[in-house]
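Report on the following structure.
Here, each number is a calculation from the coordinates, and none is a lab measurement. Quantities reported herein were computed from a predicted structural model and do not represent experimental measurements. Cβ coordinates were reconstructed from backbone atoms using ideal geometry, including for glycine residues, and neighbour counts include every protein chain displayed.
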Amino acid sequence: MRLWMPVLLLTLSLALPAASAGAPTATDAGILFGGQGGSVANGSTSTTTLDAMPPVLEDYTATWCENCVYVEHALHDLLEERDGHVFSFHRSIGEAEDPFGTQVLDERWEERYSRRAPPTVVFNGSTMVVGSVPEGASLLEDFRALANVSLNLPEGSSTFTWTAATSGQSTVSWALSTQGGPPVGMSNVQVSVDVWVVEDTAHFPDGSNGEEHYPHIVRDIITLDTQGWDADGVTSTGTMDISLPAAFDGDDLSLYLVYSAASEPVVDPEPEPEPPAGLPGPGALLSVLALALAARREA
C-alpha cells in the first residue's frame with residue numbers, strides 16, 4: 001500500500017460523523033400489537049381493548065453475543081417498571097453455538113427487517129435499535145421512551161383463548177374487532193393473526209456471552225388468519241388446533257396472540273403487450289386504414 005493511503009483513510013475517518021449504534025430508525029415492515037397469552041400448561045382467556053395493549057418488544061440475540069447481554073438487561077429493567085412482552089429471536093443460520101434459533105425464524109428476521117446481526121431490538125414492529133450503544137444517557141432511558149410511543153390504534157377489542165396442551169397440541173380461539181381504519185399513514189393494509197410459541201426460559205451453559213439461562217425464546221410463529229383492514233375496521237374470529245414444538249428443556253411453553261399489520265404494495269395493471277418487432281402498432285394501422293379510405297373516396 002502506498003504511504004499516502006493510510007493518511008487518507010485516517011483523514012476520512014476523522015471527517016465523517018460518528019453514528020450512534022443506538023439511534024432508532026423506522027422500519028418499513030408495518031406494526032405489531034397484541035401480546036395476550038400465558039402458559040400452555042393451563043388454559044385461559046384474555047380480553048383487552050386495543051389501547052390497553054402493552055408494547056411488543058422483539059429482541060434479536062444469540063448466546064455468543066456479548067453486547068446482547070447489555071440490551072437484555074435493559075429490557076429486563078424496563079419490564080420491572082411497566083407492562084410489556086419481550087420476545088427473543090436467536091440466530092440460527094450458520095451458527096453452531098446457539099441451539100435456540102430456527103431457519104424459519106431467521107428467514108423471517110431477514111425478510112422483515114433486512115438484518116442478521118444481533119443485538120437488535122424492534123419496538124412494536126415499527127422502530128428498530130441496532131447495537132448496544134445508547135443514544136441518550138442509558139439503554140433503559142432509550143427503551144423507555146420508545147416503549148411509550150403510541151401506535152394510535154382505533155377503538156377495538158381482542159380476545160384470546162387457549163387450552164392446556166394435550167399430546168403436543170392446543171386449541172386456540174381469537175376475536176379481533178376494530179371500529180376504525182388503520183393508523184395514519186397506512187393504506188391497503190393486511191392484518192396477520194399469529195400465535196407466537198415461546199419458551200419461558202432455557203438453560204445453555206456453553207454460550208460465550210457469560211449467560212446460562214435465556215428467557216422469552218420464540219420457538220415458532222403460527223399464522224391463524226389474514227384479513228384486510230379498511231376504513232371501516234377489521235374483524236377476525238376463529239378457532240384452530242395447533243401443534244406445539246418441543247421445549248428445549250423443561251415444560252414451560254407459552255402462547256401469545258400477536259397481530260401484524262402492514263401496507264401491501266399496490267400492483268399496477270400489466271401494460272399492454274408491445275407488438276412484435278417489424279409489425280406496426282395499433283395507431284399505425286389506423287393511419288393506414290384512414291389513408292386507404294380517403295384514396296377510395298377520391299377515386
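Can you put 214, 60, 70 in order, fewest other beta carbons within 10 Å first?
The order, fewest Cβ neighbours first, is 70, 214, 60.
For residue 169 and residue 93 in one chain, what is 0.36 nm times their gap in residues minus the Cα-Cα distance, to one decimal in nm? Don't jump to the answer; show the numbers that get you there.
Values: separation 76, 0.36 × 76 = 27.36 nm, distance 2.74 nm.
The residue 169-residue 93 span can extend by a further 24.6 nm.
Take 201, 61, 178 and order them by how many other Cβ atoms sit within 10 Å, fewest up front.
Details: 201 15, 61 29, 178 20.
Taking fewest neighbouring Cβ atoms as first place, the list is 201, 178, 61.
Tell me, what are the semi-axes, in whole angstrom and largest first, of the equivalent ellipsoid of the range 147-255 as set by the roots of 5 times the Cα gyration tensor eigenvalues? Present the calculation step by step, with values, prior to reporting the outcome.
Working: eigenvalues 210, 76, 22 Å².
So the equivalent ellipsoid measures 32, 20, 10 Å along its semi-axes.
Quickly work out the residue 246-to-residue 69 label distance, labels modelled 7 Å from Cα along the C-beta direction, and quote it in nm with one decimal.
3.1
Considering only the other residues whose Cβ falls under 11 Å of the Cβ of residue 199, what net charge follows from Lys and Arg at +1 and Asp and Glu at -1?
Working: positive: 219; negative: 200, 220, 249, 251, 252.
Once all neighbours under 11 Å are counted, the net charge is -4.
What order do you get for 170, 177 when you list them from fewest to most C-beta neighbours inside 10 Å?
Working: 170 20, 177 15.
Listed from fewest to most nearby Cβ atoms, that is 177, 170.
For the range 113-215, which GluC sites (Glu not before Pro) are in a loop by DSSP, counting at most 14 other Cβ atoms within 10 Å?
Passing both the DSSP loop test and the Cβ count: 155, 212.
Put a dot 7 Å past each Cα toward the Cβ at residue 190 and residue 133; how far apart are the dots in nm?
Between residue 133 and residue 190, the label points sit 3.8 nm apart.
Multiply the residue separation of residue 49 and residue 28 by 0.36 nm, subtract the distance between their alpha-carbon atoms, and state the gained length in nm to one decimal.
Working: separation 21, 0.36 × 21 = 7.56 nm, distance 2.55 nm.
Contour length minus the Cα-Cα distance gives 5.0 nm.
Stick to the Cα atoms of the range 20-263, pair each with every other, and give me the Kirkwood hydrodynamic radius in Å at one decimal. Working shown, then result.
Numbers: mean 1/r = 0.0545 Å⁻¹.
Result for the range 20-263, one decimal place: 18.3 Å.
For the range 53-177, evaluate the Debye formula with one uniform point scatterer on each Cα (no solvent term) and list log10 I(q)/I(0) at q = 0.11, 0.19, 0.22 Å⁻¹, rounded to two decimals.
-0.47, -1.13, -1.25
In the range 208-236, which residues have a backbone nitrogen under 16 Å from the label point lying 7 Å from residue 80's Cα in the Cα-to-Cβ direction?
Flagged as within label range: none.
Can you work out the PRE-style zone for residue 150? Point 7 Å along Cα to Cβ, and I want the residues of the range 81-123 with backbone N under 20 Å.
Only 82-85, 123 pass the distance filter.
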